[in-house]
Amino acid sequence: MIREIVQVGAPVLRETCKPVERFDGELGRLLDDMKETLLDAQGAGLAAPQVGVPVRAVVVLVDEGYFEFINPVFVWQKGEQVGAEGCLSVRGKAGTVRRPSKVKILFQDRKGDKYSIVARDFFARAVCHELDHLDGILYTDKAENIRDAED
Ligand code: CO
């Protein structure tokens, strides 16, 4: 089911999200809905608070594939990249954001199993952007210049 994507100004986007503790059907439905909502919106990533649920879960869709990261935490962040970013919760805007070029995270899948992954370049940017959402941070807090998006 496609869920409504909450827009900047909604308090839920500023919450520190709670860890996921139950790897149950409710989490599965949330993730299925987040994937459908992300595909519909043609975005690169979506965090649970963006559909109004303040828990530590994000989905990412990049060239490397589709990923679900539950309770993700950084192991390390390396390098630097500067590039354009937007957000499905900040419609019609874009900004230039400095991010690490390579990150490693630990995370759980929807069953609760633990994994790690290294993300580079745009994948790393998407991971950093989505993990920020879990701490109530929007890219506009970090962007050097916010402008109207070209599309
Ligand atoms: Co965003």
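The values are calculated or read from the model by the stated rules, or taken from the named source; none is laboratory data. The structure displayed is predicted, hence computed values, not measured ones. Virtual Cβ from ideal backbone geometry, glycine too; neighbours counted across all protein chains shown. The accessibility values were calculated without ligands, DNA or RNA, using every heavy atom of the protein model including side chains. Shrake-Rupley method; radii C 1.70, N 1.55, O 1.52, S 1.80 Å.
Roughly what percent of Cα-Cα pairs across the chain reach past 18 Å?
Tail of P(r) above 18 Å: 54 percent of Cα pairs.
Antiparallel versus total DSSP beta bridges in the stretch 11-148: what percent is that, nearest 5? Kindly include the intermediate steps, with their values, before the conclusion.
Working: 31 of 32 bridges.
Antiparallel bridges make up about 95 percent of those DSSP assigns within the stretch 11-148.
Which order, highest average first, do 62-68, 137-143 follow once you tally other Cβ atoms within 10 Å for each residue and take the mean per peptide?
Numbers: 62-68: 14.1, 137-143: 17.1.
Output ranking for 62-68, 137-143: 137-143, 62-68.
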If a paramagnetic tag sat 7 Å from the Cα of Ile146 along the Cα-Cβ line, which residues of the stretch 77-96 would have the backbone N under 15 Å from that point?
85-96
For the stretch 11-148, please report how many Lys pairs fall under 29 Å Cα to Cα, leaving out neighbours fewer than 8 apart on the same chain.
28
Two-site label geometry, Arg91 and Lys18: point separation in nm, points 7 Å out along Cα→Cβ
3.0 nm
What number comes out for accessible area per residue over the chain if the probe is 1.4 Å? Units Å², please.
52 Å²
Whole-percent carbon and sulfur share, accessible surface of the chain, 1.4 Å
48 percent
